[in-house]
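Enquirer: Below you'll find the structure I mean.
The values are calculated or read from the model by the stated rules, or taken from the named source; none is laboratory data. As the structure is a prediction and not an experimental result, all values here were calculated from the model. Here the Cβ is made from the backbone with ideal geometry for all residues, glycine too, and neighbour counts use every protein chain on show.
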Amino acid sequence: MRLNMKNFLDFKSEKEYEKLKIPAKIIKNGGIVVFPTETVYGIGTNGLDEKAIKRLYEIKKRPFNKPISLLVSDIKMVEELAKEITDIEYKIMEKFFPGPLTIILKKKDIVPDILTSNGDTVGIRIPEGKIARKLIEYAKTPIATPSANITGKNAGVNIDNIKRDFGDEIDFYIDEGDSKLGKSSTIVKIENKKINILREGTITKKQIEDALCT
């Protein structure tokens with residue numbers, strides 16, 4: 001598929017991060033953007049826009065009973081979205097943010113119910129990748145971001161494969177070459193002060209336990 005170059009940025013050698021203001025504005029306005037993170041490619045939109053999140057579910061063919069996590073830029077943004085954050089949760093974030101870890105926290109009302117499948121918690125991550133961080137910074141909103149793949153397929157690590165899946169349903173693509181880690185983030189939830197790993201990525205339960213002991 002040949003992309004409209006107005007809706008595509010090649011960041012394999014690009015360093016002009018100001019150019020990311022264009023896709024960031026698309027995200028802010030409820031559009032759908034595919035972009036790299038240090039784990040796998042994400043497909044994201046404004047994490048506070050219910051209509052945009054509904055479209056994201058539909059494009060991914062993702063069941064509405066499967067929550068979507070948020071990418072944020074800093075702890076201040078975490079605190080705008082989550083409440084009753086415990087000392088253990090703060091320590092995990094201090095040790096592993098930014099990085100390939102998503103933490104499940106109690107959500108505030110600002111987080112749309114559609115994002116959390118009507119649950120009272122939300123997954124939050126601060127990505128390490130500079131492109132993702134800049135998009136959040138320029139959009140000035142958390143980005144609802146599952147992996148860039150049709151549900152049931154492998155997570156997207158290569159822009160050409162992702163384009164074959166989604167084509168022109170995506171409003172903007174950002175290419176940074178193959179994903180650095182190629183594996184989705186670890187998802188952790190603290191329950192009764194105990195570590196519960198919902199999905200193990202490159203960060204292991206032992207690494208989290210060790211970090212909490214220091």
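Enquirer: Anything in segment 38-64 that is buried (at least 24 other Cβ atoms within 10 Å of the Cβ) and more than 15 Å from the chain's Cα centre (by Cα)? List them, or say none.
Expert: None; the set is empty.
Enquirer: Let me ask something else about it. Given the condition touching a Phe, Trp or Tyr at 6+ places or on another chain (Cβ under 8 Å) and in a helix (DSSP H, G or I), answer yes or no: does some residue in segment 42-65 qualify?
Expert: Taking every residue of segment 42-65 in turn, at least one turns out to be touching a Phe, Trp or Tyr at 6+ places or on another chain (Cβ under 8 Å) and in a helix (DSSP H, G or I).
Enquirer: Going by the conditions given, is Pro67 closer than 21 Å to Asn46 by Cβ, surrounded by fewer than 22 Cβ atoms within 10 Å (Cβ to Cβ), touching a Ser or Thr at 6+ places or on another chain (Cβ under 8 Å) and not hydrophobic (A, V, I, L, M, F, W, C)?
Expert: Here the answer is yes, as Pro67 does meet what is asked.
Enquirer: Read through the list (1) under 20 Å from Gly119 (Cα atoms); (2) in contact (Cβ under 8 Å) with a residue 40 or more places away in the chain; (3) in a helix (DSSP H, G or I), then give the number of the only condition that Ile68 fails.
Expert: Of (1) under 20 Å from Gly119 (Cα atoms); (2) in contact (Cβ under 8 Å) with a residue 40 or more places away in the chain; (3) in a helix (DSSP H, G or I), only one is false for Ile68: (3).
Enquirer: Tell me yes or no: at least one residue of segment 35-44 is modelled with pLDDT under 95 and more than 19 Å from Phe166 (Cβ to Cβ).
Expert: Yes - at least one qualifying residue is present in segment 35-44.
Enquirer: I've got another one for you. Residues Arg164, Arg133, Arg125, Arg199: which one is within 16 Å of the chain's Cα centre (by Cα), of a type outside the set (Asp, Glu) and loosely packed, with under 15 Cβ neighbours inside 10 Å?
Expert: Only one candidate qualifies: Arg199.
Enquirer: Among the strands (runs of 3 or more DSSP E) lying completely within segment 90-199, list those that include at least 1 residues that are touching a residue at least 60 places away in the same chain (Cβ under 8 Å) and hydrophobic (A, V, I, L, M, F, W, C).
Expert: Where strands (runs of 3 or more DSSP E) fall fully within segment 90-199 and carry at least 1 residues being touching a residue at least 60 places away in the same chain (Cβ under 8 Å) and hydrophobic (A, V, I, L, M, F, W, C), they are 101-107, 172-175, 186-191, 194-199.
Enquirer: In segment 167-196, how many are farther than 30 Å from Ser13 by Cβ and exposed (fewer than 15 other Cβ atoms within 10 Å of the Cβ)?
Expert: Adding up the residues that qualify gives 5.
Here's the yes/no breakdown for (1) buried (at least 18 other Cβ atoms within 10 Å of the Cβ); (2) within 16 Å of Ala148 (Cα to Cα); (3) of a type outside the set (A, V, I, L, M, F, W, C):
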| position | (1), (2), (3) |
| --- | --- |
| Val33 | yes, yes, no |
| Pro36 | yes, yes, yes |
| Ser73 | yes, no, yes |
| Met77 | yes, no, no |
